[in-house]
Each structure stands twice: as structure tokens, then as C-alpha cells.
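A short worksheet on the structure shown next.
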Amino acid sequence: MNYTLKTFVARDGERFSQLYEANASGFPLFYPTAFIARSIRPSTTHETQKVYLAAIKRVCEWETSRYIDLAKRFHSRKFLSAAEIDDLTNCLRASKLTSKASVISNAKYNTYVVYAAGYIRWLTHEVITDSNTHEVRDAVEAQNTMLLEKKKRKVGSKAAREQRIVSLSLPNETRSRLLDLFDQPFEGVRQAQNFGHRLRNILMLRVLYETGMRFGELLSLKLKHLIEASGIDSAYLDIERNHHDEFDARLHQPVAKTQGRRVPISENLEEQLINYRDNWRAEVPHVGFSEETFIFIVHRGGRSQGQALPKTAFSTGLTNLKQMFGALKPLHPHLLRHDWNYRFSKHADREGMSFEEERTLREQLMGWVPGSHMSTRYNRRHIEEKSHVIGRKIASDTARILQ
């Protein structure tokens, strides 16, 4: 039996998903729906709920393929054997994309194991009426422990992995090509109908480059969030926490994961955004002009023309840019966030900022809470780079003394 995940938007803008039998109409699966509604939905984002349901979907597929009904098994106080747990985790590990790797990544697999174990543990307590007895409680915990022990251990040190992440930045060739496109956004465009969405795509990349905001935050920018320069104040963009936005009609709503904040932008970007808003965007049929409508919209004809841009549409546009400009191949939205932090560290050096000042400013501009682990990561890398420079100088002094 096949299962499918369906997503809905409530009247108040909340997104929620449910698991259904693929070829059956009517109600969602009872136990997965109850688990999400009572245990997961009140304290997690919709994106996290979808990952839970993806793991539970694999559990349900395993049940069907092995002719097992977990609810009935647990009600009869029959728990999973070691062999069944091995088999289940192998199904959690298998890749659904046959054209690529035969298994999913360790990180994704570990998440599935934890979420599947949480659901199965909940299910046992749900269907066993006296689950608090000593015997049953011990059996449930033993089953849960066996499942969690199937997680894959990470190879290499945590510090080394973090170092690789925070050291990411744009290759010089990619940066040069990108800066050229910021100045000449229509380069290589031949057909008139392609000018509007080309400008939109380049502006979106420029916003990411100048501010380091997350991709979801970029897609959530509304007309009211562009604050033009006035007097001595430069232009800036407002980033708001926007979970369950009732004005966002996108089924899979992009959301801001970090704190709300204001981020400054350059004069050139401000001019380009105003030009896009007042000319190119304004000419698109069905577009909205209220403060709650989104800056970046669908330009091409169709039912979604004039509406907020979905993630997939920008991904397609970025792929087309990479095909046209080979130097952009390493580019992806989150790399621009890493690169912003790399440039910020360099600027902090030139300004002679203290460690504390650098951390505080970075946290504010990135939307991290004070004392954020991510901020500490980037500052640690900065300290290591400076220590290497000083270390080389000391080594050179020693060489001269020996001579």
C-alpha cells in the first residue's frame, strides 16, 4: 500500500500536513494524525512536522510490506524483535531516488530513526491500556533503546565538521561573475519577456549577498519591508518572524528561522529594488500592491502569475543562470550566508573590533540570540586565522635567529 502526505492551510494561515492512503479518499491515518496533533504540532514548526510525517510514512510502508499492524501487535503486548528493528531501520535508510545513492545521508537517516522511535514509543503507550506497569514500561524502553542504537555514528570530530562549515566562502571567479551581474543584470538576455524575472533573480541574489539573510526570509519579504533612505538614515529591509502568515497563499510557506531584525542595504540595491517594484513588478498582471503583498513574485503567465514566488521557481531560475554563466556553478543561497560571515570577519579585522563587539554585531545582523553557538563558531574561525598569521611570523623570526 502506498501513502501520501497532504498539506493544508487553515483560515488563520497555519500550515499543517496529514498522512493518507494514496488511493483512498476520506480520512487521514488515525494514529499518525493523533500523534502529530497531540504531541508534535503544539511545539514545532510545520517543516519539522513534515519531517516527522516523512519518517512515519516509511514506518507505515514497512508495516504494509511486512503484513504487520503495529497497533494490534502492541495492544497484544508483542514488541518488535531485534531482527524486525534491523529490517525497519534498513527501510528508513533506503533512498527513494533510485537514480542516486542507494541510501540516504547519515544525518537524514538519524533524524528518521529518532522521529520513528518517538512515534513508535508513543503508539505503544497509546494502545496498551496499562502501559505504566513495570513489565510493560521496561519492554517499551528496551524497544526504544534498540531503535535509537541503530543511529549511525558521525565520522570525524565535531570541531572539524564545524570548521568546514564556517570556512565556506565564494570562489573568486564566482564572486567576480556575481558582482558583474549585479551591475549588468540583463547580460545575455535576448527576449523581452525574460527581462523582468531575470532582474528579479539577480536582485534576490544581491539581497542574499549584501545581507546574509536566509532564503526563507528573502522569499517572505513584503512591500512594507523595504524602507527607503530618508535624511541621514540609509535604506534597510525589515525581517519579521512570519510563521502561519494568513496573507501567504503558498502551500509550503517560506519562514524566517532566525529573529526579526533590520538589515541595511546599499544605495545601488535600494535603487534597483525601487526600480523593480515600481516598473517591472507593477506591470505583471494580477499583482498586488498592498503592504502585505510580497516583493518577489511570479512573472510568467499562468494561474500563479503575480503571486508570491515559490522556492521551486527561484531554484529553476538559479539553475538557468548557472547554465548560462559557468562561474556560478558553485553558487547556492546558503553559501551566500556563509560568505557574508566571511566578509564580516575580514571587515571586523580592518575596523579593529574586539571579540565581544564582533560577536554582538554578528548576532544582531544574522538574527541570532545573544550567545548563539553559530556566532561563536564564526568568531572561533576568525581567531584561528589570526593565530596562524602570528604563528608564521614567530616561525620566521626563529629562522632569522638561527641564520
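FYI, it's all coordinate maths here, none of it is from the lab. Because the structure is predicted, anything quoted here is derived from the model rather than measured. Note that we place each Cβ from the backbone using ideal geometry, even for glycine, and neighbour counts take in every protein chain shown.
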Pull out a ≥ b ≥ c, the square roots of the eigenvalues of the alpha-carbon gyration tensor of the range 3-148, then state rounded if a/c is under 1.5, prolate if not and a/b is larger than b/c, and oblate in the remaining case. oblate
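Hey, with R₀ at 25 Å, roughly what FRET efficiency would Met324 and Asp233 work out to, going by the Cβ-Cβ distance, to 0.05?
After rounding, the FRET efficiency stands at 0.10.
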So, over other residues within a Cβ distance under 12 Å of Ala82, counting Lys, Arg +1 and Asp, Glu -1, the net charge is -3
For the chain, shape from the Cα gyration tensor axes a ≥ b ≥ c, cut at a/c of 1.5 then a/b versus b/c, turns out oblate
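Which whole-number percent gives the relative contact order of the chain, counting Cα pairs below 8 Å spaced six or more residues apart? List each step's numbers first, then the result.
Values: 472 pairs, mean separation 60.5, N = 403.
Relative contact order comes out at 15 percent.
Per the helix-only calculation at 222 nm, which mean residue ellipticity applies to the chain, given -39500 (n - 2.57) for every DSSP H run of n ≥ 4 and division by its residues, nearest 500 deg cm²/dmol?
One gets -16500 deg cm²/dmol as the mean residue ellipticity at 222 nm.
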Taking the chain as the reference, fit the longest principal axis to its C-alpha atoms, fit the long axis of helix 172-183 to the helix C-alpha atoms, and give the angle between the two in degrees, 0 to 90, nearest 10. 70
So, with +1 on the Cβ of K and R and -1 on the Cβ of D and E, and no other charges, what is the size of the charge dipole of the chain about its Cα centre, to the nearest 20 debye? 1400
Sorted by packing (mean other beta-carbon atoms within 10 Å per residue), highest first, where do 22-29, 48-55, 37-44 land? 48-55, 37-44, 22-29
What distance in nm separates the two pseudo spin-label positions at Ala282 and His252, each 7 Å out from Cα along the beta-carbon direction? 3.4
Euclidean distance of C-alpha centroids, the range 171-194 and the range 224-276, integer Å: 23
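Got a sec? How would Tyr119, Tyr3 order by Cβ neighbour count within 10 Å, fewest to most?
Tyr3, Tyr119
Just give me a number: lysine pairs in the range 172-329, eight or more positions apart or cross-chain, with C-alpha atoms less than 25 Å apart.
Qualifying lysine pairs in the range 172-329: 7.
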Could you calculate the contour length gain from Glu141 to Thr376, that is, 0.36 nm times the residue separation minus the distance between their Cα atoms, to one decimal place in nm? 80.9 nm
Treating only Lys and Arg (+1) and Asp and Glu (-1) as charged, each at its beta carbon, one finds that the range 317-379 has a dipole about its Cα centre, in Debye to the nearest 20, of 380
A 32 angstrom limit on the alpha carbon distance is what I want to check against. Which of Lys108/Lys393; Lys57/Lys78; Lys108/Lys346 exceed it? Lys108/Lys393; Lys108/Lys346
Using only the alpha-carbon atoms, how far is helix 355-366 inclined from the longest principal axis of the chain? Give it as 0 to 90 degrees, nearest 10. 70
Apply 1/(1 + (r/R0)^6) to the Cβ-Cβ distance of Arg38 and Thr316, taking R0 = 35 Å, and write down the FRET efficiency to the nearest 0.05. 0.35
Estimated dipole of the range 172-329 in Debye, rounded to 20 [Cβ of Lys and Arg +1, of Asp and Glu -1, Cα centre]: 780
Could you calculate the contour length gain from Cys91 to Glu187, that is, 0.36 nm times the residue separation minus the distance between their Cα atoms, to one decimal place in nm? 29.8 nm
So how far apart, in nm, are the two label points at Glu14 and Gln305 if each is 7 Å from Cα heading toward Cβ? 3.7
Calculated FRET efficiency, Asn23 and Glu240, Cβ-Cβ r, R0 56 Å, to nearest 0.05? 0.85
Asn172-Thr133 pseudo-label distance in nm [points 7 Å out on the Cα-to-Cβ vector]: 7.4
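Which shape class, rounded, prolate or oblate, goes with the range 172-329 when its Cα gyration tensor gives a ≥ b ≥ c as root eigenvalues, a/c under 1.5 marks rounded, and past that a/b bigger than b/c marks prolate?
It comes out rounded by the Cα gyration axes.
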Would you mind checking which residues have amide H under 5 Å from Val103's amide H? H placed 1.01 Å from N; only 5 or more apart, or other chain. Ser95
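Using 0.36 nm per residue of separation minus the Cα-Cα distance, give me the extension gain between His347 and Phe289 in nm, one decimal.
17.1 nm
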On a 0 to 90° scale, report how tilted helix 82-93 is relative to the longest principal axis of the chain, with both axes built from alpha carbons and the result rounded to the nearest 10. 30
